[in-house]
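J.: My questions all concern the structure below.
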Amino acid sequence: MNEEYIDNLEELGGEDECQQLYEHFRLVVDKGQVPLRIDKFMLEHMPHTSRNRIQRAADAGFVHVNDRPVKSNYKVRPNDVITLMLDRPQYDSTIEAEDIPLDIVYEDECLMVVNKPAGLVVHPGCGNYNGTLVNAVAWHLRDMPSYDPNDPEVGLVHRIDKDTSGLLVVAKTPDAKTRLGAQFFNKTTHRSYLALVWGNIAEDGGRIEGNIGRDIRDRLRMDVFPPGSDIGKPAVTHYSVVERFGYVTLVECRLETGRTHQIRAHMKHIGHPLFSDERYGGTEILRGERSGSYKQFIQNCFKLCPRQVLHAKTLGFVHPKTGEQMDFTSELPEDMTALLEKWRKYKGNHEL
């Protein structure tokens, strides 16, 4: 179980996932095996991993016994067939440097802050084995002898989805990654996103709390479960209204936690899916009129911004070496800017 897989399970804004599962490990339990928790059993037979990583794999539905997913407290029995089924085939995971343009907002000897465009995968895997942000960073730092893109102790500190745009921080040194990672873990970073969501949100702001875990009906989506549930991981999103367009609302979302698809799942949970977010129902016409002209307007909006309307606008953290507070802001990308202007014109012409 390699570091790339573990990064995906950290749920710090992870990538979209593949539907097909691939076998990476198989073991038939001995006939004389006494009952033992599967996480302990697998740890004994997988020397290059940890119990915590195995537990996260089980929580994600990747640990199977006799072709069925099990939780980490499952007790193995004689003749059980244990498999680890991941969402990508086995392949050479060596990261190669590729000459891909980067929008670098800030850079020093410890770190770099990058403004990622929508459509760019951040890390190889799941059918995207090259052409990623990590490959681009490897090229940019190709003359830095101490930077090894295949060393998990350097590189990306967190992630955002392929079709989300905005700010990411990359650590150039192990110490920088350790210190920055601790800030994300301890929730002392400052991150805000701009999102266009369906509906006219009643309140000017609010707090969404609910565990986020794999949707039991569709493993490509995340779902929200009650706080304190044994399903999923705790997640908190704060939102405030920035601009109202009648049938849709522009909101700022501030994260306390950074789970996979957190904003997308939380906003859907309160009845306001992100506009143009196909995976969470945002490509349906959820609010507005029944007229043909309105339907055409919405279809034109989808064409203008054919992805979830979500942008990682601000990022703040303490510099891992100097202790200085670092705060960054990125402008909205062209597709979101054009879409918002289109809605402003529509609202002005229809008195919404």
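The values are calculated or read from the model by the stated rules, or taken from the named source; none is laboratory data. Keep in mind it's a predicted model, so treat the numbers as computed, not measured. Note that each Cβ is placed from the backbone with ideal geometry, even for glycine, and that neighbours are counted across all protein chains shown. For the accessible areas, the whole protein counts, side chains as well, though only heavy atoms, and no ligand, DNA or RNA atoms are used. Shrake-Rupley method; radii C 1.70, N 1.55, O 1.52, S 1.80 Å.
J.: Out of everything in segment 96-142 that is over 30 Å from GLY323 (Cβ atoms) and of a type in the set (Ser, Thr, Tyr), what residue ends up being most open to solvent (accessible area, probe 1.4 Å)?
T.: Among those that are over 30 Å from GLY323 (Cβ atoms) and of a type in the set (Ser, Thr, Tyr), it is TYR129.
J.: Additional query: Out of the residues in segment 17-38 that are at pLDDT 85 or above and under 25 Å from the mean Cα position of the chain (by Cα), state the one that is most open to solvent (accessible area, probe 1.4 Å).
T.: We begin by selecting, within segment 17-38, every residue at pLDDT 85 or above; these are 23-38.
Subsequent filtering for residues that are under 25 Å from the mean Cα position of the chain (by Cα) retains 23-24.
Numbers: GLU23: 80, HIS24: 47 Å².
Checking each candidate, the answer is GLU23.
J.: Determine, yes or no, whether LYS187 is open to solvent by 10 Å² or more (accessible area, probe 1.4 Å), within 23 Å of GLU334 (Cβ to Cβ), among the charged types (D, E, K, R) and at pLDDT below 95.
T.: Working: open to solvent by 10 Å² or more (accessible area, probe 1.4 Å): yes; within 23 Å of GLU334 (Cβ to Cβ): no; among the charged types (D, E, K, R): yes; at pLDDT below 95: yes.
Considered against the rule, which asks whether it is open to solvent by 10 Å² or more (accessible area, probe 1.4 Å), within 23 Å of GLU334 (Cβ to Cβ), among the charged types (D, E, K, R) and at pLDDT below 95, LYS187 comes out as no.
J.: Got a sec? Which of MET46, MET85, MET42 is under 28 Å from PRO149 (Cβ atoms) and crowded, with 18+ Cβ neighbours inside 10 Å?
T.: On the way: MET46 fails: crowded, with 18+ Cβ neighbours inside 10 Å; MET42 fails: under 28 Å from PRO149 (Cβ atoms).
The match here is MET85.
J.: What's the number of the condition LYS321 fails, among (1) open to solvent by 40 Å² or more (accessible area, probe 1.4 Å); (2) free of Cβ contacts under 8 Å to residues at least 60 places away in the same chain?
T.: (2)
J.: Given (1) surrounded by 24 or more Cβ atoms within 10 Å (Cβ to Cβ); (2) in contact with a Ser or Thr (Cβ under 6 Å, 6 or more places away or on another chain); (3) farther than 25 Å from GLU203 by Cβ, where does LEU310 come up short, assuming only one miss?
T.: Only one criterion is unmet by LEU310, namely (3).
J.: Next up: When only residues in segment 290-305 that are open to solvent by 10 Å² or more (accessible area, probe 1.4 Å) and in contact with a helix residue (DSSP H, G or I) (Cβ under 8 Å, 6 or more places away or on another chain) count, which is nearest to GLY199 (Cα to Cα)?
T.: Here is the first cut: in segment 290-305, the ones open to solvent by 10 Å² or more (accessible area, probe 1.4 Å) are 290-293, 295-297, 299-300, 302-304.
Add one more test, that the residue is in contact with a helix residue (DSSP H, G or I) (Cβ under 8 Å, 6 or more places away or on another chain), and what stays is 297, 300, 304.
Numbers: PHE297: 16, ASN300: 18, LEU304: 19 Å.
Only one residue fits best here, namely PHE297.
J.: I've got another one for you. Out of LEU315, LEU340, LEU332, report the one residue that is closer than 30 Å to ASP175 by Cα, open to solvent by less than 60 Å² (accessible area, probe 1.4 Å), modelled with pLDDT of 95 or more and not basic (Lys, Arg). Working first, answer last.
T.: Numbers: LEU340 fails: closer than 30 Å to ASP175 by Cα; LEU332 fails: closer than 30 Å to ASP175 by Cα.
Answer to the check: LEU315.
J.: When you check MET326 against the structure, is it open to solvent by less than 20 Å² (accessible area, probe 1.4 Å) and closer than 22 Å to VAL241 by Cα, yes or no? Spell out how you get there, then give the answer.
T.: Working: open to solvent by less than 20 Å² (accessible area, probe 1.4 Å): yes; closer than 22 Å to VAL241 by Cα: no.
No; evaluated as a whole, the condition is false for this residue.
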